[in-house]
Amino acid sequence: MYQTSCHDKFFVVVHSPTAERESSPSTLVTVNEDQCREAISLMKHSSDEETVKQKMKLTFEYRKKMTHDPSKCSTILTKFPRFLDVKGLIEQDFVLLFGEGISAKFLEVWPTTFKQNIIMLNKTLSKATQGAELQELIQMAEYAVDEGADTNADGWDGDLSSILLLLHLIPPSSQGRKRPGKMSASQAEQHLVIFQKAGTSIQEHLDAIDQRRQPYLLAVGTRKRSIHAYFIILDKQVLPCKSTSALGAFDELFKTHFVFGTAYNTMLRNMHTFIQTSVYNIDIVGKSRNCQENP
């Protein structure tokens, strides 16, 4: 007599943020060329944020085509400068591309599922493998949320620390490095997030950028664990984050890659690809049922 056992196999076909994608059918809005041109002109001078968001929604398909046009992709912020002063536009475009369900994934599951698992897995690494930086990062990730729990701590808050911990479990690409290996926490910070003391000049930070970089977070506050505002730096331009939390800001940073058709930073590609497929479930294209008979 034979027993049949079955299990599901999921198919993952990973496309980078630069790949062309169909917009979410539930959010698709189409306008003609004249309406698009009128909307672009109106929102540049409108002081009403709701009007700007509505016109940005009407021009989404036009903007998406720009991201895949080599002659226009670098001019999106020039054509649509309201990204620079109206918060929430990155989120809106991402929803139009993928839908509300996928857009909400990260903030729903990272705090409840992934964060604690990431901490636990890093703890299983040997002390020799961990090193002082990783041990400190684990400690920061475990700190309680309440203000009095970490009065002497100098590192990032628990949420951002848990994201940085992921880099120790998913080593960065060896491309561009003399030899493959795990990136230290301090190296990871420079590719993902940079701290800026409150009251100092953001323009000076931009002026110091001497080469093109993929988007990253600029965290402004009195110390790393006390951030007042997050900004996304893209092509030496400053895009304000709607969220003031580390998780919310990272969520917006991740979505920036898809909204502007920008490739992941080479050093962060493995981490972002994991988050793309395992957290947001982007490019999980289907599943099949595999069954076999066992005696």
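The values are calculated or read from the model by the stated rules, or taken from the named source; none is laboratory data. Since the model is a prediction, treat every value here as computed from it, not as a measurement. Glycine also receives a Cβ, built like all others from the backbone with ideal geometry; neighbour counts cover every protein chain displayed. Ligands, DNA and RNA are stripped out before the accessible areas are found, and what is left, the full protein with its side chains, is counted by its heavy atoms. Shrake-Rupley method; radii C 1.70, N 1.55, O 1.52, S 1.80 Å.
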Residue in region 261-271 that is open to solvent by 10 Å² or more (accessible area, probe 1.4 Å), modelled with pLDDT under 95 and more than 27 Å from Ser71 (Cα to Cα) present
yes
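Mind checking whether some residue in region 34-45 is under 30 Å from Ser161 (Cα atoms), part of a helix (DSSP H, G or I), of a type in the set (A, V, I, L, M, F, W, C) and touching a residue at least 12 places away in the same chain (Cβ under 8 Å)?
Of region 34-45, the ones under 30 Å from Ser161 (Cα atoms) are none.
For region 34-45, residues under 30 Å from Ser161 (Cα atoms), part of a helix (DSSP H, G or I), of a type in the set (A, V, I, L, M, F, W, C) and touching a residue at least 12 places away in the same chain (Cβ under 8 Å): absent.
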In the set Ala229, Ala249, the lone residue that is outside any loop (DSSP other than H, G, I, E, B), under 20 Å from Ile194 (Cβ atoms), open to solvent by 10 Å² or more (accessible area, probe 1.4 Å) and of a type in the set (Gly, Ala, Ser) is Ala229
So, in region 72-97, of the ones that are crowded, with 19+ Cβ neighbours inside 10 Å and out of contact with any Lys or Arg (no Cβ under 8 Å at 6 or more places or on another chain), which residue ends up farthest from Val29 (Cα to Cα)?
Phe83
Can you name every residue in region 229-264 that is at positive phi and of a type outside the set (Gly, Ala, Ser)?
Asp235, Lys236
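Being in a loop (DSSP other than H, G, I, E, B) and farther than 24 Å from Val220 by Cα is the filter here; which residues of region 263-276 pass it?
Ala263
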Can you name every residue in region 189-222 that is outside any helix (DSSP H, G or I), closer than 17 Å to Phe250 by Cβ and at pLDDT below 90?
Arg213
Return yes or no: is Val14 at pLDDT below 95 and among the aliphatic types (A, V, I, L, M)?
yes
Looking only at region 156-183, which residues are modelled with pLDDT under 85 and of a type in the set (Gly, Ala, Ser)?
Ser173, Ser174, Gly176, Gly181
Take the residues of region 46-56 that are open to solvent by 80 Å² or more (accessible area, probe 1.4 Å) and assigned to a helix (DSSP H, G or I): which is nearest to Leu96 (Cα to Cα)?
Gln54
Among what's in region 119-145 and is of a type in the set (A, V, I, L, M, F, W, C), out of contact with any helix residue (DSSP H, G or I) (no Cβ under 6 Å at 6 or more places or on another chain) and loosely packed, with under 15 Cβ neighbours inside 10 Å, pick the residue that is modelled with the highest pLDDT.
Met120
